[in-house]
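Just below is one structure, and these are the notes that go with it.
Just so it is clear, none of the values below were taken in a lab; they were calculated from the coordinates. The structure presented is a predicted model; accordingly, all values stated were derived computationally and were not measured. Glycine gets a Cβ as well: all are built from the backbone with ideal geometry, and neighbour counts include every protein chain shown.
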Amino acid sequence: MKTIYNFSVKDADLKDISLNDYHEKVLLIVNVASYCGLTYQYKGLENLYKKYKNDGFEILGFPCNQFALQEPGTNQEIKEFCDTNYGITFKIFNKINVNGSKADPFYTFLKKEQLGVAGTPQIKWNFTKFLVNKNGEVVKRFSPQIESDEIESSIKEIL
């Protein structure tokens, strides 16, 4: 059975990271952007991360510039933005594509595991969130407008 543990991704410093490193953790995987109307969600995500990180919870942020060019910066600029404006301590990864022919294979997998609105795999906007259980299975997908406080009960349920 294929799980997220079958994938490797690059972090913001372009270091290869095996997702198997997150074995036995509950994950929230989010495509993020610095200049989006939803960027304020970083604050809630960071609060959620701080609240549950000692319980085996991680957030993985994947910057994406495919939606109205709202993530134009380099990986370093993105990390600095996150730190300076939101004090982000969860992991930020390499900027990727989440849709189309150049979509990152990891995101192609996530989208197939949990379809979006009307049963389509496409990511509709920044801050789409995928919840992954401790077995590496994608168990839920949340639309961009769903905020941290609305996700918290789902996280607590599987921690």
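Could you work out how much longer the chain between K91 and Y35 gets when fully extended? Use 0.36 nm per residue separation minus the Cα distance between them, nm to one decimal.
Numbers: separation 56, 0.36 × 56 = 20.16 nm, distance 1.87 nm.
Result for the pair: 18.3 nm of gain on full extension.
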Formal net charge of residues neighbouring Y86 (Cβ-Cβ distance under 12 Å; K, R +1; D, E -1): 0
Relative contact order (percent, whole number), the chain, Cα cutoff 8 Å, 6+ residue spacing: 30 percent
25 Å Cα-Cα threshold exceeded, pairs from K95/K156; K102/K134; K2/K134; K2/K51: K95/K156; K102/K134; K2/K51
Among beta bridges that DSSP assigns inside the chain, antiparallel share in %, nearest 5: 55 percent
Residues listed by number, the stretch 27-46, amide nitrogen under 18 Å from Q145 label point at 7 Å toward C-beta: 36-42
For mean projected area of the Cα convex hull in nm², calculated from these coordinates, the label among [x] 8.6; [y] 14.3; [z] 12.2: [x]
Efficiency of FRET between N47 and S101 - r from beta-carbon atoms, R0 35 angstrom, step 0.05: 0.45
